[in-house]
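Heads up: the structure comes next, in structure tokens.
The values are calculated or read from the model by the stated rules, or taken from the named source; none is laboratory data. Treat the numbers as computed from the prediction; the structure is a model and nothing was measured. Note that each Cβ is placed from the backbone with ideal geometry, even for glycine, and that neighbours are counted across all protein chains shown.
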Amino acid sequence: MKFSTYSESDRQEIESLFTRTFSDSEGEAEGKLIGNLVHELMNGTKAEDIFGFVATEQGHIVGCIFFTRLSFGCSVNAFMLSPVAVVTGHQGKGVGQALINFGIERLREQDVELIFTYGDPNFYSKVGFKHVPQEVAAAPFKLTYPEGWLGQSLDGSRLETPLGQACCVDAFNDLQYW
């Protein structure tokens, strides 16, 4: 398994990966929704506001993750991990966790201080995420699943000082993702 930053030439394969993976697990409508989100992220987000990483095996992408900038009312270098996809046949084998850990190390090298995600606490706790109360860092929108707002510090500081309301990149400025 090889981990790397995604390249422009990977865009179509990555979009297809997210569409297929989410269609397999959540249904065709969700697959199209997340495939479109990934398209918007890759094509409409400034380069300094997005990091994407892939896992490849025998020249094919089997997993992909994105981190996009989150802004708060204070000066903190923060990103959000979302979405994450691993080819259905490779799930449950640690590919997603290894890819997330790879991405976290790359962000640490870029002096990112905090990362957040919105998802399954049981999965994301395995890669260091912990629940973040809305009073500490409010998600960009009202959450349908508040227990799923998670974060971690990459610089050793504690995630306890109130940061205020987060603002996300344009592609995530839609209530249906929250």
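Here are the numbers for this structure:
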item	result
Complete set of residues in the stretch 8-62 that are in contact (Cβ under 8 Å) with a residue 40 or more places away in the chain, buried (at least 19 other Cβ atoms within 10 Å of the Cβ) and among the small types (Gly, Ala, Ser)	Gly52, Ala55
Residue count for the stretch 143-173, restricted to those that are charged (D, E, K, R), in a loop (DSSP other than H, G, I, E, B) and modelled with pLDDT of 95 or more	0
Among (1) without any contact (Cβ under 8 Å) to a residue 60 or more places away in the chain; (2) under 22 Å from Ser75 (Cα atoms); (3) out of contact with any Ser or Thr (no Cβ under 9 Å at 6 or more places or on another chain) - the single one Thr144 does not satisfy	(2)
Test: residue in the stretch 99-113 that is closer than 19 Å to Arg20 by Cα, modelled with pLDDT of 95 or more and either touching an Asp or Glu at 6+ places or on another chain (Cβ under 7 Å) or of a type outside the set (Lys, Arg) (or both)	yes
Looking only at the stretch 1-22, and only at residues there that are under 15 Å from the mean Cα position of the chain (by Cα) and not in a helix (DSSP H, G or I), the one that is nearest to His39 (Cα to Cα)	Tyr6
Pick from the stretch 111-141, criterion in contact (Cβ under 8 Å) with a residue 24 or more places away in the chain, over 14 Å from the mean Cα position of the chain (by Cα) and part of a strand (DSSP E or B), ranking: nearest to Lys93 (Cα to Cα)	Lys130
